[in-house]
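Asker: One structure is given below, represented as structure tokens, and several questions about it will come after.
The values are calculated or read from the model by the stated rules, or taken from the named source; none is laboratory data. All figures in this text were calculated on a predicted structure; none of them were measured in a lab. Here the Cβ positions follow ideal geometry from the backbone for every residue, glycine too, while neighbour counts run over all protein chains shown.
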Amino acid sequence: MKSPRFSALPSRIGRLDELAYNLGWSWDNRACELFQRLDSELWSLTQHNPVKVLHETDPSRLRHAAEDPEFLRKYEETIKRFFVNPLRTSKWFPREFPQLMDDKIAYFSAEFGLHNSLPIYSGGLGILAGDHCKESSDLGIPLVGVGFVYPQGYFHQRIRSDGWQEDIYEVLDRKNAPIEPAGTGSDRYLVEIRIGPSKIFVEVWRVNLGSIVLYLMDTDVEENVPGDRELTARLYGGDKEHRVRQEIVLGIGDKRSRRRIHDPARHRAAVGRIPASGRSYCGSRYRRGRGAPRR
């Protein structure tokens, strides 16, 4: 089947599209080797970003890979391991707790350190949240990550001629990032929330991470006024009011989106913040007459 995202990708190796958009490849050496074999120099220049590699690899190289018996052998092995026989029921959690597989856990964090091709983390706490998600995928834990897309996630520092430090933000190129709209197909997935008298529109993105999914909130959309578009621009930016508004977007925005995407029954706030997620969850329980959750 022809890839809808990479027009030059031959159908014989068309599932590289799907693999590139699942960050499970990032801790699988054989999957990494597959992309590296397409163009080792480009693999290095893109800092191991398979989405960008597939966009920029010369079409002749892709055609050659689709006819190379050794590449095809490794391709078939990798695709089978990732998508055909994932052996979900043999993982620890579904084997030990099959009755809990439908009881999803929403894992909230302001940052997730997954891979440098998705710059939505700052340091140790982001790496910890990312590792929790990766380990949940390996163990088969029904976890759903919830966080932000930061269009200006990383910045470079330099010293100006007058001696002052200057921050130069690197804008996220969504086309070359391993994220996709949370809705069906390529349609944008927008939810609307209210903060006081204001309406804020949130675009929801999906990140595939092995066998689990992350949903990332993004207010940088044309429907919002400039100030609201900045809400999710940078990690840990702004004053206290800005941070509170971010927390509302994450907690309430996820609640709105889960009505159509998923409905986990438990919540966990990571990185010492995101209280709005708990308030939204408890409020919904009281409205349904179920009372507060037990500890």
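Asker: Select from region 147-172 the residues that are of a type outside the set (Ser, Thr, Tyr), out of contact with any helix residue (DSSP H, G or I) (no Cβ under 9 Å at 6 or more places or on another chain), modelled with pLDDT of 85 or more and within 22 Å of Val221 (Cα to Cα) and list them in ascending order.
Answerer: Leu172
Asker: Based on this model, can you work out whether Lys175 counts as within 20 Å of the chain's Cα centre (by Cα), at pLDDT 90 or above and exposed (fewer than 12 other Cβ atoms within 10 Å of the Cβ)?
Answerer: Considered against the rule, which asks whether it is within 20 Å of the chain's Cα centre (by Cα), at pLDDT 90 or above and exposed (fewer than 12 other Cβ atoms within 10 Å of the Cβ), Lys175 comes out as yes.
Asker: If you don't mind, another one. Sort through Asp103, Asp68, Asp131 and tell me the only one that's acidic (Asp, Glu) and either buried (at least 22 other Cβ atoms within 10 Å of the Cβ) or not assigned by TED's automatic domain parsing to the domain that holds Ile168 (or both). Quick ask: steps written out before the conclusion?
Answerer: Details: Asp103 fails: either buried (at least 22 other Cβ atoms within 10 Å of the Cβ) or not assigned by TED's automatic domain parsing to the domain that holds Ile168 (or both); Asp131 fails: either buried (at least 22 other Cβ atoms within 10 Å of the Cβ) or not assigned by TED's automatic domain parsing to the domain that holds Ile168 (or both).
Just one listed residue meets the conditions, Asp68.
Asker: Please enumerate the residues belonging to region 19-45 that are touching a Phe, Trp or Tyr at 6+ places or on another chain (Cβ under 7 Å), charged (D, E, K, R) and within 23 Å of Ser211 (Cα to Cα).
Answerer: Those that are touching a Phe, Trp or Tyr at 6+ places or on another chain (Cβ under 7 Å), charged (D, E, K, R) and within 23 Å of Ser211 (Cα to Cα): none in region 19-45.
Asker: Next question. Can you confirm whether region 46-54 contains a residue that is on the phi > 0 side of the Ramachandran plot and exposed (fewer than 12 other Cβ atoms within 10 Å of the Cβ)? Write out each step before concluding.
Answerer: Restricting attention to region 46-54, the residues satisfying the condition of being on the phi > 0 side of the Ramachandran plot are 47-48.
Filter again for exposed (fewer than 12 other Cβ atoms within 10 Å of the Cβ), leaving 47.
Yes, the conditions are met somewhere in region 46-54.
Asker: So for region 55-65 (the condition being touching a residue at least 60 places away in the same chain (Cβ under 8 Å), surrounded by 13 or more Cβ atoms within 10 Å (Cβ to Cβ), at negative phi and not aliphatic (A, V, I, L, M)), does at least one residue qualify? Break it down stepwise before answering.
Answerer: Taking region 55-65 first, the residues touching a residue at least 60 places away in the same chain (Cβ under 8 Å) are 55.
Filter once more, keeping what is surrounded by 13 or more Cβ atoms within 10 Å (Cβ to Cβ): 55.
From what is left, the residues that are at negative phi are 55.
Restricting the remaining residues to those that are not aliphatic (A, V, I, L, M) gives 55.
Checked region 55-65: at least one residue is touching a residue at least 60 places away in the same chain (Cβ under 8 Å), surrounded by 13 or more Cβ atoms within 10 Å (Cβ to Cβ), at negative phi and not aliphatic (A, V, I, L, M).
Asker: Looking only at region 75-106, count how many residues are modelled with pLDDT of 90 or more and either touching a His at 6+ places or on another chain (Cβ under 8 Å) or of a type in the set (A, V, I, L, M, F, W, C) (or both).
Answerer: Result for region 75-106: 4.
Asker: Taking region 107-118 only, how many residues are more than 15 Å from Glu135 (Cα to Cα) and either among the hydroxyl-bearing types (Ser, Thr, Tyr) or in contact with an Asp or Glu (Cβ under 7 Å, 6 or more places away or on another chain) (or both)? Please lay out each step first, then the result.
Answerer: The first filter runs over region 107-118 and keeps only residues more than 15 Å from Glu135 (Cα to Cα), leaving 108-111, 116-118.
Restricting the remaining residues to those that are either among the hydroxyl-bearing types (Ser, Thr, Tyr) or in contact with an Asp or Glu (Cβ under 7 Å, 6 or more places away or on another chain) (or both) gives 109, 117.
Looking only at that region, the number is 2.
Asker: Filter region 176-218 for residues that are in a loop (DSSP other than H, G, I, E, B), closer than 21 Å to Phe108 by Cα and in contact with a strand residue (DSSP E or B) (Cβ under 6 Å, 6 or more places away or on another chain) and give the result.
Answerer: Selection gives Ile179, Ala182, Tyr189.
Asker: Then there's this: Identify all residues within region 117-128 that are modelled with pLDDT of 90 or more and within 12 Å of the chain's Cα centre (by Cα); write none if there are none.
Answerer: Once the filter is applied, which keeps residues that are modelled with pLDDT of 90 or more and within 12 Å of the chain's Cα centre (by Cα), region 117-128 yields Ser117, Leu118.
Asker: Are there any pairs with C-beta distances below 6 angstrom linking a residue in region 225-252 that is crowded, with 18+ Cβ neighbours inside 10 Å to a residue that is basic (Lys, Arg), with the two at least 6 apart or on different chains, and if so which?
Answerer: That search, which allows pairs on different chains as well, returns Leu231/Arg245.
Asker: In this structure, is Arg260 modelled with pLDDT of 60 or more and touching a Phe, Trp or Tyr at 6+ places or on another chain (Cβ under 9 Å)? I'd like the intermediate steps shown before the answer.
Answerer: Values: modelled with pLDDT of 60 or more: no; touching a Phe, Trp or Tyr at 6+ places or on another chain (Cβ under 9 Å): yes.
The answer is no for Arg260.
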